[in-house]
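The values are calculated or read from the model by the stated rules, or taken from the named source; none is laboratory data. Here the structure is a predicted model, which is why all the values come from computation and not from measurement. Cβ sites come from the backbone with ideal geometry, for glycine too, and all protein chains shown count toward neighbours. Quick note on the areas: whole protein, heavy atoms, side chains included, nothing else; ligands and nucleic acids left out. Shrake-Rupley method; radii C 1.70, N 1.55, O 1.52, S 1.80 Å.
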Amino acid sequence: MKRKYIIFFLSICTLTGCWDHRELSDITVVTGMAVDKSDDEKYMLSVEGINAQELNVKTASGFAPSIIFTLEGETIAELARKMNIGVSKHLVYSHMKTLIIGEEVAREGMIEFLDFLERNREIRDDFNITIARNVKAKDILTVTYQFQKSSALKIHTQLESFVQNWGGDPHVRLSDVIKAWTSPGSQPIMAALTIKGDPKKGPSTDNMKKVTPDALVTVDSLAIFKEEKLIGFLPLEDTRNILWITNKIKKTAISVPCKKDKFLAIRIYNTKTKIKGKMKNGRPSFYVKVRAEAYLDSSQCLEDLTQINTYSNFEELTEKEIHKGLSATIKKLQQEYKSDILGMGEILYRQDYESFKKIEKEWDKSFQDAIIDVDVKVQLRRSGIRTKSLLSNQK
Amino acid sequence: MYYGNSEKASQKKWGENVAPIKSIRTLKKKRISWEEKLNREVKVDNDKEVQRIDNHSIEQLKMEITGAFGNTADLKMVESTEKGILLFYLDSMVDSKTVKDTTPVIYRTDRELSTVKELTSLCNEIFGGASFQLVGTMQEIYTAVLDGCIVITIEHLNQSLAISMMTDEKRSVSEPTTQTVIRGPKDGFIESVSTNISLIRRRIRNQNLRFERFTIGEATQTAVYIGFVNGIANNAILEEVRNRLKKIKVSAIFESGNIEELIADKTFTFFPLALNTERPDTVAANLVEGKIVILIDGTPFVLIVPAVFVNFFEIAEDYYQPYFLASFLRMIRYLSFMIALLTPSLYVGVLTFHHELLPTTLLLSVIAQREGVPFPAVIEVLLMEITFEILREAGVRMPKVVGQMVSIVGALVIGQAAAEAGIISNIMIIIVSITAISNFVSPVYSFAAASRILRFLLIIFAAVLGLYGVLIVLVAMVAHLSSLRSFGIPYLAPIAPFIIEDQKDVFVRFPFWSMKKRPKYLRAESEPKIFMESSPSPPDKGGGNNK
């Protein structure tokens, strides 16, 4: 009996373990990956390995916060393993925060390397997927920044905060992209980034030392795909509206005109969108119901906020403004881009399966003729910590 | 029970009954049937040589005693030839002042002392309430002398008189050094068992509180008492305790630890199977719950049996504090047990196998700190843990005069210098400290030993197998725990087997009025503990205190 136990324990120790044993001093954490089109071969992969000591306040000594190494090859998977051509330590991909895809790569529909990212054991599904607009993906990765120092970490934090406050990032992860790509009733979207300033001055520690950096990575727009191909970019305003329709928005703020050249600022802090889809007379029709709670953030119109009528008046104005924005975005998608990035097809698939089955093949065409009604109800709950505006007390 | 001659007896016994040993293997396999066992035990009693004192003369008696005790310096014999009285005692064991005050009266008396009855009545007059017993055999006389009696023998009487005059040399009752409380009684047990019993008796003034005496240790003849509350303690467990104590045949018992090892259900375990305490209030509370205590003369540590896993997280103060605080602190204790057990191994496992488990910023910060550390994580951990164990042992053993050295050397030299020299990382110091501090939270010192030793096993498994290894050890540990029993009670009760009624006093402590019954797992003879109808509340709500 005892011998059995001994054999059991020995086999645990000898048959398993150790193969994935890596000391911390032997690894470099990869935080970002940039994929560009290569001139000679298919891909050009750049990875950002973090110099952990530079990110720690106590040990930082002013050197570059990370190292970016680029290789060219036919598959991303091979390149990811070949990085030791130039990098000393073992690269660990599990903490990758940002993936930046070059515009060219996306336009030519070469995003099939996502298969590697999904297949790999180490890589997780919690990194941002972005498109580099007008610049090379590698350039975006190389721009330094004062706070997170590494570009990939900065972008990750930046997009997260943006989603929380205003909603300009579609907040897509690998699984979202793949789901949108493969399902019949929706199309992938990604955030598009660009560099403000001189991309050549980005990869220097001097960039971190300036109050107004020479190069700064900014959120530019929303990249719209049709299948695997990038077909265009939508401005940030539309990005927010798309998130609103797809019920992904957390908080946002809008400016509503109340008089000529006078605006209200409305802060939306709680909102929900429900979509009902149905085939009506051979045309898909959708009813988008938006319900939102908001408070008045600022008012340039001097109306009496002690009166309930003022509130309902403001509510109406806001509803109209939102309605206008959402409808315009939908129209743009239907007529200009002809791509169902809203996932309306999926809604129809769920709610009216029989009809959707019939038009599944030419859904993109049906989407263009779809009737999409938007119904917005806003409830203005309060007006900040002030009732009367300071403007009403003017001399 | 006296075992003065049993050495000889047992030799004979084994020589006669056991077949000659062929090989160790056959010896191991041989099973002894119950009847054989019982017969043997009876025989031991018959074999005893009974040496009565019926017709000894004083001279003969003196010879016998000097023969038995040799020329030991503290044996005093006082003889009065004209009356035929022989009085002897161990100088070191009796209170000399009392002897001086009382014994001369025996010599001065004019009474005839020709019968035992007359002797008894005389002694009643002289010694009053002091307990005495009549002893008839040499064996009994020896034991009485060793117990601190003076023995009075009169020529040709078939019984002698042994009067207990034990010295009262003991330290005074003081605060326990190992199990301290903020709120609660501050007295602790001392080395004298009679004082300890009185401390318990003063808390439970109940005729059902019983103590039974055993004498264990053939060389030391140590007095061991078991205490229980009749009608509450489970009779079967009580009988088991008695049996196990009776079966002990060793030459010496000095501490409750000796007894604990000899009566435990299983000794190949890191976990203690009996609770030890220095606190009379803990003992009293446990007695009333239905447990049995074992007191050993010469040590302030008292054993409480049966003890289950959760008992080692309960302290007396839990019941003196508000129940919210008590519950919180109890959970802190469970938590710190896990911390003490797991932190170093999790550190090794996560840092060498599972980098993805840490948040990125934490990982980067750890990497930055470990930059330049020459050792792998496991060596670093073992180095620091062993250093800490050495420091701890030194701190306990070191003479108090040089005690401060430990803290200086430990904190400054080992901790700070090692980190500054870059031999270990700063985070390692945090890990070692939190582990050490958590380990000290354990209310019972012997229980902390379990996590102290298992920790190293876990570190080694984590180094080889990562968190998978940690899991393996934990699974094995839980399997082992559930196989343990303390006097027949499953060690993990009332968690496994799960007893819903007992959950009121496991991870949290319910208010006093709601714990109406004694713990089920102890199988107490009588269950109700609180006789109030309901919780205290205003009269119109029908509160229990206002009826």
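Testing B:D502 on (1) free of Cβ contacts under 8 Å to residues at least 60 places away in the same chain; (2) open to solvent by 40 Å² or more (accessible area, probe 1.4 Å), one condition comes back false. Which one is that?
Checking B:D502 against (1) free of Cβ contacts under 8 Å to residues at least 60 places away in the same chain; (2) open to solvent by 40 Å² or more (accessible area, probe 1.4 Å), the one that fails is (2).
In region B:180-233, which residues are among the basic types (K, R), in contact (Cβ under 8 Å) with a residue 40 or more places away in the chain and either farther than 16 Å from B:N286 by Cα or open to solvent by less than 10 Å² (accessible area, probe 1.4 Å) (or both)?
B:R183
Hey, could you check region B:357-381 for residues that are open to solvent by 10 Å² or more (accessible area, probe 1.4 Å) and of a type in the set (G, A, S) and say which is nearest to the other protein chains (Cβ to nearest Cβ)?
Selected residue: B:S365.
For region A:315-395, which fully contained helices (runs of 4 or more DSSP H) count at least 3 residues that are without any contact (Cβ under 8 Å) to a residue 24 or more places away in the chain? Let's see the steps before the verdict.
Working: elements: A:344-351, A:353-359, A:363-369.
In region A:315-395, A:353-359 are the helices (runs of 4 or more DSSP H) which contain 3 or more residues that are without any contact (Cβ under 8 Å) to a residue 24 or more places away in the chain.
Taking region A:11-30, which residues are at pLDDT below 75 and facing chain B (nearest Cβ under 7 Å)?
Of everything in region A:11-30, those that are at pLDDT below 75 and facing chain B (nearest Cβ under 7 Å) turn out to be A:I12, A:C13, A:T16, A:G17, A:C18.
Assess whether B:I408 counts as being among the β-branched types (V, I, T) and either in contact (Cβ under 8 Å) with a residue 60 or more places away in the chain or open to solvent by less than 40 Å² (accessible area, probe 1.4 Å) (or both).
Working: among the β-branched types (V, I, T): yes; either in contact (Cβ under 8 Å) with a residue 60 or more places away in the chain or open to solvent by less than 40 Å² (accessible area, probe 1.4 Å) (or both): no.
So B:I408 fails the test.
Scanning for something of a type outside the set (S, T, N, Q) and within 29 Å of B:F313 (Cβ to Cβ), does region B:403-420 turn up at least one residue?
Of region B:403-420, the ones of a type outside the set (S, T, N, Q) are B:403, B:405-406, B:408-415, B:417-420.
From what's left, within 29 Å of B:F313 (Cβ to Cβ): B:406, B:410.
Scanning region B:403-420, I find at least one residue that is of a type outside the set (S, T, N, Q) and within 29 Å of B:F313 (Cβ to Cβ), so the answer is yes.
Which residue, of A:K377, A:K331, is within 25 Å of the chain's Cα centre (by Cα) and open to solvent by 60 Å² or more (accessible area, probe 1.4 Å)?
On the way: A:K377 fails: within 25 Å of the chain's Cα centre (by Cα).
Of A:K377, A:K331, the one residue that is within 25 Å of the chain's Cα centre (by Cα) and open to solvent by 60 Å² or more (accessible area, probe 1.4 Å) is A:K331.
Which pairs turn up if I take residues in region A:199-219 that are in contact (Cβ under 8 Å) with a residue 24 or more places away in the chain and closer than 19 Å to A:S61 by Cα and look for partners that are of a type in the set (G, A, S) and surrounded by fewer than 20 Cβ atoms within 10 Å (Cβ to Cβ) with beta carbon separation below 7 Å, at least 6 apart in sequence or on another chain?
A:T205/A:G62; A:T205/A:A64
Looking at (1) out of contact with any strand residue (DSSP E or B) (no Cβ under 7 Å at 6 or more places or on another chain); (2) farther than 30 Å from B:F214 by Cα, which is the only condition B:H355 fails?
(1)
Give the number of residues within region B:464-478 that are at the interface with chain A (Cβ under 10 Å from one of its Cβ atoms) and open to solvent by 20 Å² or more (accessible area, probe 1.4 Å).
Number satisfying all stated conditions: 4.
Need pairs with beta-carbon distance below 6 Å; first residue more than 8 Å from chain B (Cβ to nearest Cβ) and within region A:56-68, second assigned to a loop (DSSP other than H, G, I, E, B) and at pLDDT 90 or above; sequence gap 6+ or separate chains.
If the second residue must be assigned to a loop (DSSP other than H, G, I, E, B) and at pLDDT 90 or above, the pairs left are A:P65/A:N51; A:S66/A:N51.
Given the conditions (1) open to solvent by 20 Å² or more (accessible area, probe 1.4 Å); (2) farther than 21 Å from B:F189 by Cα; (3) in a helix (DSSP H, G or I); (4) in contact (Cβ under 8 Å) with a residue 24 or more places away in the chain, which single one is not true for B:N243?
Every listed condition holds for B:N243 apart from (4).
Which of the residues that make up region A:121-164 are among the polar types (S, T, N, Q) and in contact with a Ser or Thr (Cβ under 8 Å, 6 or more places away or on another chain)? Give the steps one after another, and end with the answer.
First pass over region A:121-164, keeping only residues among the polar types (S, T, N, Q): A:128, A:130, A:134, A:142, A:144, A:146, A:148, A:150-151, A:157-158, A:161, A:164.
The answer is A:N128, A:T130, A:N134, A:T142, A:T144, A:Q148, A:S150, A:S151.
In region A:31-51, which residue that is out of contact with any Asp or Glu (no Cβ under 7 Å at 6 or more places or on another chain), open to solvent by less than 50 Å² (accessible area, probe 1.4 Å) and within 12 Å of another protein chain (Cβ to nearest Cβ) is farthest from A:V92 (Cα to Cα)?
Selected residue: A:I50.
Would you confirm whether any residue within region A:148-156 is in a helix (DSSP H, G or I), open to solvent by less than 40 Å² (accessible area, probe 1.4 Å) and among the hydroxyl-bearing types (S, T, Y)?
yes
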